[in-house]
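What follows is a short report on a single structure.
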Amino acid sequence: DGGITQSPKYLFRKEGQNVTLSCEQNLNHDAMYWYRQDPGQGLRLIYYSQIVNDFQKGDIAEGYSVSREKKESFPLTVTSAQKNPTAFYLCASSSISGRGTSGSSYEQYFGPGTRLTVT
Amino acid sequence: GQNIDQPTEMTATEGAIVQINCTYQTSGFNGLFWYQQHAGEAPTFLSYNVLDGLEEKGRFSSFLSRSKGYSYLLLKELQMKDSASYLCAITEPGGGNKLTFGTGTQLKVEL
């Protein structure tokens, strides 16, 4: 069964600690993305990667870091420098060369999300 | 840059029809997606428009006017399970396959 997994679903951390969120996909997708969603808000792009060992900052990259050592994996680290880390984090992937259900290579498939609470 | 506007909330009655609008201003435009997101869950794909006109898919239809920077999602025969957030997202040329999302419209379906 192809898809995207994120773990854990709920995560609690103390302020000042770094925390890493996992994202794995077995869809053979080239591109992967991290979004943050706050209550009643849309999705804001944190980082994205179109190819292994390369990634770009999104609109709100400050306080976050990523790595893309394998095509299947795109972990996100929320550092202590992130001022308001409590949020719902969503990972997504897309096939740059292929076509999704929509017929578009832009279509993104989302993982179930990780709700991070920092106190 | 991009600016995408959607109403924050809408309420409709079970069995009725509801139209959720999305307007956008962008320097470039490839296409527009609609996603559905239930609370605490992942967004799921609903529709994609790249050309002007109406795309129909069962109870859901989506319309696009590129010249007006306007799209709408039409939901017919509303069911309680349609209560969710509906996200409009656009793609741009040279955007690295990125999607830019609106803030979403929270739809509540009542009896």
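The values are calculated or read from the model by the stated rules, or taken from the named source; none is laboratory data. Predicted model only: the values in this text are computed from it and were never measured. A quick note on method: Cβ atoms are made from the backbone with ideal geometry, for glycine too, and the neighbour counts reach across all protein chains shown. These area figures cover heavy atoms from the full protein model, side chains too; ligands, DNA and RNA do not enter into them. Shrake-Rupley method; radii C 1.70, N 1.55, O 1.52, S 1.80 Å.
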- request: Provide a single number: the residues in segment A:9-30 that are in a loop (DSSP other than H, G, I, E, B), within 14 Å of chain B (Cβ to nearest Cβ) and of a type outside the set (D, E, K, R).
  value: 2
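Tell me the strands (runs of 3 or more DSSP E) entirely within segment B:26-111 that contain at least 1 residues that are charged (D, E, K, R). Reasoning before the result, please.
Numbers: elements: B:31-37, B:44-49, B:53-57, B:60-65, B:70-75, B:84-91, B:105-110.
Passing ranges, in order: B:53-57, B:105-110.
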task: Keeping to segment B:20-46, report how many residues are of a type in the set (G, A, S), open to solvent by 10 Å² or more (accessible area, probe 1.4 Å) and either closer than 20 Å to A:S93 by Cα or within 12 Å of chain A (Cβ to nearest Cβ) (or both).
output: 3
- prompt: Here are some conditions: (1) in a loop (DSSP other than H, G, I, E, B); (2) of a type outside the set (A, V, I, L, M); (3) surrounded by fewer than 17 Cβ atoms within 10 Å (Cβ to Cβ). A:T5 meets all but one. Which one does it not meet?
  reply: (1)
message: What's the number of the only condition in (1) under 19 Å from A:G3 (Cβ atoms); (2) over 12 Å from the mean Cα position of the chain (by Cα); (3) within 8 Å of chain B (Cβ to nearest Cβ) that A:G113 fails to meet?
response: (2)
task: Return the pairs, sorted by first residue and then second, in which the second residue is not in a strand (DSSP E or B), the first residue lies in segment A:29-43 and is more than 22 Å from A:R68 (Cβ to Cβ), the beta carbons are less than 8 Å apart, and the residues are 6+ apart or on different chains.
output: A:G40/B:T8; A:G40/B:T103; A:G40/B:G104; A:Q41/B:T103; A:Q41/B:G104; A:G42/B:G102; A:G42/B:T103; A:G42/B:G104
Residue that is farthest from A:Q56 (Cα to Cα), among those in segment A:70-87 that are free of Cβ contacts under 8 Å to residues at least 60 places away in the same chain and open to solvent by less than 10 Å² (accessible area, probe 1.4 Å): A:A87
message: Every residue in segment A:51-69 that is of a type in the set (D, E, K, R), within 14 Å of chain B (Cβ to nearest Cβ) and open to solvent by 20 Å² or more (accessible area, probe 1.4 Å), please.
response: A:D54, A:K57, A:D59
task: Determine whether segment B:75-93 contains at least one residue that is open to solvent by 10 Å² or more (accessible area, probe 1.4 Å) and at pLDDT below 95.
output: yes
task: Quick one: in segment A:31-45, of everything that is at the interface with chain B (Cβ under 10 Å from one of its Cβ atoms) and part of a strand (DSSP E or B), which residue is farthest from B:G40 (Cα to Cα)?
output: A:A31
field: Search result, residues across segment A:88-101 that are in contact (Cβ under 8 Å) with a residue 12 or more places away in the chain, surrounded by 15 or more Cβ atoms within 10 Å (Cβ to Cβ) and not in a strand (DSSP E or B)
entry: A:S95
message: Out of everything in segment A:102-119 that is of a type in the set (S, T, N, Q) and in a strand (DSSP E or B), what residue ends up being nearest to A:M32 (Cα to Cα)?
response: A:T114
message: Just to verify a result, which residue in segment B:94-111, among those that are touching a residue at least 12 places away in the same chain (Cβ under 8 Å), in contact with a strand residue (DSSP E or B) (Cβ under 7 Å, 6 or more places away or on another chain) and surrounded by fewer than 20 Cβ atoms within 10 Å (Cβ to Cβ), is farthest from the other protein chains (Cβ to nearest Cβ)?
response: B:E110
query: In segment B:49-58, which residue that is touching a residue at least 12 places away in the same chain (Cβ under 8 Å) and closer than 14 Å to B:W34 by Cα is surrounded by the most Cβ atoms within 10 Å (Cβ to Cβ)?
result: B:N49
